[in-house]
Amino acid sequence: MAAKFFPTAQDAENAFYDALERADLEAMMEVWAEDEEIVCVHPGGPRLAGAEEVRASWRAIFASGSGLRVRAERRVAISGMMVAVHSVHEQIHVPGEARAQPPIVATNVYLRTPAGWRMIVHHASPAPPSAAAEPAAAPRRLH
């Protein structure tokens, strides 16, 4: 499955969003680790675990033929030697729909493998209404 080498987590993320926009199932699955421990959560959907469930979910999404345009913005990246975590806001545009889609907050986790960086988690959720605004000042207390 994973024939392409991604030298950085950012390269893997770029390939993920490119495959998403092109509705290319094989390119999408090249980004994912060849591991039964991968996890994907689509907005409002259940947790999908393992390559079979993840592939089936993307196949169903791509079969809709909606031609999504996705722009990842406001990226926060935390990187280590073996793992990288990216938090992004996805701005999604569905061709033919005049109304803008609400933003999606996504967390993408990448693992450095002998075959390059691979996605192991994609968790996307609808952003709260305040997420469209610029981030507020950091709170003084956590709880």
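Taking Rh as the Kirkwood radius computed over C-alpha pairs, what is the Stokes-Einstein D of the chain at 20 °C in a medium of viscosity 1.002 mPa s, expressed in µm² per second?
Answer from the Stokes-Einstein relation: 135 µm²/s.
Using a simple spin-label model with points 7 Å from Cα along the Cα→Cβ vector, what separation in nm is obtained for Arg22 and Asp35?
Taking the simple label geometry, Arg22 and Asp35 are separated by 2.5 nm.
Using Cα pairs under 8 angstrom and six or more residues apart, how large is the relative contact order of the chain, in percent?
With pairs under 8 Å counted, the relative contact order is 25 percent.
If you look at just the Cα atoms of region 1-68, how large are its Rg and its Dmax in Å?
Rg then Dmax for region 1-68, in Å: 11.7, 32.
Take the alpha-carbon centre of region 21-49, take the same for region 67-86, and report the distance between them in whole Å.
With region 21-49 and region 67-86 each reduced to a Cα centre, they are spaced 15 Å.
Got a sec? How would Met119, Met28, Met82 order by Cβ neighbour count within 10 Å, fewest to most? Please list the in-between numbers first.
Details: Met119 27, Met28 23, Met82 10.
Ordered from fewest to most neighbouring Cβ atoms within 10 Å, Met119, Met28, Met82 come out as Met82, Met28, Met119.
According to a simple spin-label model (label point 7 Å from Cα along Cα-to-Cβ), what is the distance in nm between Val94 and His123?
Placing both labels 7 Å along Cα→Cβ, they lie 2.5 nm apart.
Rank-order 11-19, 40-48 by packing density, defined as the average count of other C-beta atoms within 10 Å over each peptide's residues, highest first.
Packing proxy ranking, top to bottom: 11-19, 40-48.
If each of Arg59 and Val85 carries a label point 7 Å out from its Cα toward its Cβ, how far apart are those two points in nm?
A separation of 3.2 nm, rounded to one decimal place.
Every number here is computed from the coordinates shown, using simple stated rules; none is lab data. Remember, it's a predicted structure, so these values are computed and weren't measured experimentally. Cβ: placed from backbone, ideal geometry, glycine included. Neighbour counts: every protein chain shown.
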